[in-house]
1. Filter the range 294-311 down to the residues that are of a type in the set (A, V, I, L, M, F, W, C) and touching a Phe, Trp or Tyr at 6+ places or on another chain (Cβ under 9 Å) and list them by number.
2. For I43, all conditions in the list (1) modelled with pLDDT under 95; (2) surrounded by 14 or more Cβ atoms within 10 Å (Cβ to Cβ); (3) more than 24 Å from the chain's Cα centre (by Cα) hold save one; what is the number of the exception?
3. Here are some residues: F186, F264, F197, F278. Which one is among the aromatic types (F, W, Y) and in contact with a Ser or Thr (Cβ under 6 Å, 6 or more places away or on another chain)?
4. Failed condition for A280, given (1) at pLDDT 80 or above; (2) assigned to a helix (DSSP H, G or I); (3) closer than 26 Å to T231 by Cα, with all others met?
5. For residues that are out of contact with any strand residue (DSSP E or B) (no Cβ under 8 Å at 6 or more places or on another chain) and assigned to a loop (DSSP other than H, G, I, E, B), tally how many sit in the range 301-327.
6. Being more than 19 Å from D198 (Cα to Cα), of a type outside the set (G, A, S) and surrounded by 17 or more Cβ atoms within 10 Å (Cβ to Cβ) is true for just one of L247, L239, L254, L307. Which residue is that?
7. Name the residue, out of I201, I175, I157, that is free of Cβ contacts under 8 Å to residues at least 12 places away in the same chain and either under 24 Å from S49 (Cα atoms) or not assigned by TED's automatic domain parsing to the domain that holds T116 (or both).
8. Could you grab me the full set of residues in the range 145-179 that are among the charged types (D, E, K, R) and surrounded by 10 or more Cβ atoms within 10 Å (Cβ to Cβ)?
Amino acid sequence: MNISAKNIILHALKYSPEGVLECTKREGELPISPSIEQFLTKIHRTYQSKTNKAFASFLKESEKPQVFQRALEKEMSGELDFVRFSHTAVDCLLAELQKQDFAEQGILLVSKYSWTASDYLLIALLQNNESVSVNENLELTTSQYLETSKIQLVTRIDLTLLARSPDSNRYLSFIKGRVGRQVSDFFLDFMGAQEGFDAKIQNQVLMKAVEEFCEKEALPIEKKQEVRAVTFDYCKEQLKQGEDIDLSTLSEQLQETPKLEGSFYDFVSEDYQLEKNFPADRSVMRKLTKYVGQGGGVSISFDQKHLGERIQYDADSDTLTIKGIPPNLREQLKRDAVAQTSQTEDDNSIAPF
């Protein structure tokens, strides 16, 4: 499903000859066209696929001056046009970047678009790269293009959620740095926001709740696997559609397919601090149907349904026994075994002095 673009404008962040980060501002919006919407759809899909997103909300007015937030409120109410709002946004970002020991340069995209039932504001810093091609005269030519598949400095605001639930802690999202304070964190500073909702933790708690629910219901192994599979399929589909996990819907599906007597929704509502709705995390939910582990030069991954059948675990000796290893691994092992045997025979044929 493609997005429906409403506004889009580009500004350029680049270094001056003196080494100062400056901004060249565009004075008018880009006209909306099919190619523009296709371009925005690519960025939207890239952002949707990111698994390391974090969620946040604006700081209260009493905590810190909200230059960006006030400008956004004026734009949403019609007091400020989109171009002037984008100028304020880029000024705030530029001021924040200039405080740091390092700064990014590139093309700053500011856009509003609709997708499904919500309106969004997207702000992304895109790299302006060069590519080399051959023309009809077999000459090499260079051209510039915006990188849309690898974006790290980006934030998106759910304007519909912000208007409907201003006290929410998740209408603002951004790509979170993996280790320490990264460039992406500057988006929180320039917008005057604070991190709040953690989707990965929500997913981890959900996985824990599923396992403990199965234990409480005293489900046999076949039923446990079915519960895990239904949960995984539901979360996978929600992720594919770009929709949140809805605990009540998941509970209904668990009662319909595995035909459980107990209510999963009632179970998680008692002792688990879960939001009623939250985004799915691919890296967490895959653990519903797989055992995964690595360490000491060994990496093992297999479907949970194989435990007790093709794969046996002996806790006393801490040993896994695998019956029917993958064909490609089998061929590698056979090839190396033959080579080792041949080498041993050659060593034994050498006569002693």
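The values are calculated or read from the model by the stated rules, or taken from the named source; none is laboratory data. Keep in mind it's a predicted model, so treat the numbers as computed, not measured. Methodologically, a virtual Cβ is constructed for each residue, glycine included, from the backbone with ideal geometry; neighbour enumeration extends over all protein chains shown.
1. As a first pass, look at the range 294-311 and keep what is of a type in the set (A, V, I, L, M, F, W, C): 298, 300, 302, 307, 311.
Scanning the range 294-311 gives I300, F302, L307, I311.
2. (3)
3. On inspection, the qualifying residue turns out to be F264.
4. For A280, the exception is condition (2).
5. Residues in the range 301-327 being out of contact with any strand residue (DSSP E or B) (no Cβ under 8 Å at 6 or more places or on another chain) and assigned to a loop (DSSP other than H, G, I, E, B): 9 in total.
6. On the way: L247 fails: more than 19 Å from D198 (Cα to Cα); L239 fails: more than 19 Å from D198 (Cα to Cα); L307 fails: surrounded by 17 or more Cβ atoms within 10 Å (Cβ to Cβ).
Among L247, L239, L254, L307, only L254 is more than 19 Å from D198 (Cα to Cα), of a type outside the set (G, A, S) and surrounded by 17 or more Cβ atoms within 10 Å (Cβ to Cβ).
7. Exactly one of I201, I175, I157 is free of Cβ contacts under 8 Å to residues at least 12 places away in the same chain and either under 24 Å from S49 (Cα atoms) or not assigned by TED's automatic domain parsing to the domain that holds T116 (or both), namely I201.
8. Selection gives E147, R156, D158, R164, R170, K176.
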